[in-house]
Amino acid sequence: MRQELIILDENEIATSREREEVKPAMTNGEVKSAMKKSRREIKYLLSYAEYLVIRSRISLLLDYDKHVGENGYFVSSIYFDDIRETAYREKVDGVFDRRKYRIRTYNKNQGFIRLECKEKYNRYISKQSARINEDICESLLNGDFSILHDNNDKVLKQFYFTAKETGLRSVICVDYHREAFVYPASNLRITFDINLKASFEDELSIPIYQNNNVIMEIKYDDFMPEFIRAVIPHETAKALSISKYRMCMSVAKALHS
């Protein structure tokens, strides 16, 4: 099981409800444990012209992620939600403590499939994942969760009980091409997500941004190097708090209304 914890930057808190006084959602011990593994994350919505300028600067300062190289990689995520669309509604409403599940693959490689759980506790976000094979993946997408009944993995067991209790089912597929850059100080990672698309049920992929917008994500542990701040045009780049899942679901809903 792989776990990653991210703490949102303050400008990520977008909805009015999330600007209200925050009530503790974790015990003191859980908060201290989370802080030891915390990462900060900032997202920006860029125009394509801004992307070209910033990417050019970043490529001179940072190395490409050695695992994927300069050509980047294709990311595909199939999200699950219940019949009340709780994961979507809670994001829209700005609920402090929330959770969502997805199946993720890279470069359409069916030999490496992960079931991931992302949870938010106030400003903290944790991500846990478990490897699954193609047979398990197909069963889950078909709504047959019994294949996980005797599985002892923490993430898969949690998913199984949640699916049985709330009626989870796969709702939308979110695809994009990602370019990744890394820097050793503060475990810095910068990604550009391009050509964001969504497919709903059996329909063809729907482009989410008609004007080729790009999502830039910056993740780091303790601090962001000042030279990175210098390459971001804050007067034009827009901080983004909405999730890709919410964006894609909103577009799908608009098309089906």
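Things worth noting here:
- Restricting the range 104-128 to residues that are within 15 Å of the chain's Cα centre (by Cα) and at pLDDT 90 or above, the residue that is surrounded by the most Cβ atoms within 10 Å (Cβ to Cβ): 115
- Some residue of the range 75-93 being farther than 20 Å from residue 245 by Cα, of a type in the set (Asp, Glu) and in a loop (DSSP other than H, G, I, E, B): no
- Which listed residue, of 212, 187, is of a type outside the set (A, V, I, L, M, F, W, C) and touching a Phe, Trp or Tyr at 6+ places or on another chain (Cβ under 6 Å): 212
- Inside the range 48-99, residues that are of a type in the set (A, V, I, L, M, F, W, C), modelled with pLDDT of 95 or more and under 18 Å from residue 170 (Cα atoms) make up a count of 3.
- Any hit, the range 220-234, residues being closer than 21 Å to residue 102 by Cβ and among the aliphatic types (A, V, I, L, M): no
The values are calculated or read from the model by the stated rules, or taken from the named source; none is laboratory data. Treat the numbers as computed from the prediction; the structure is a model and nothing was measured. Note that we place each Cβ from the backbone using ideal geometry, even for glycine, and neighbour counts take in every protein chain shown.
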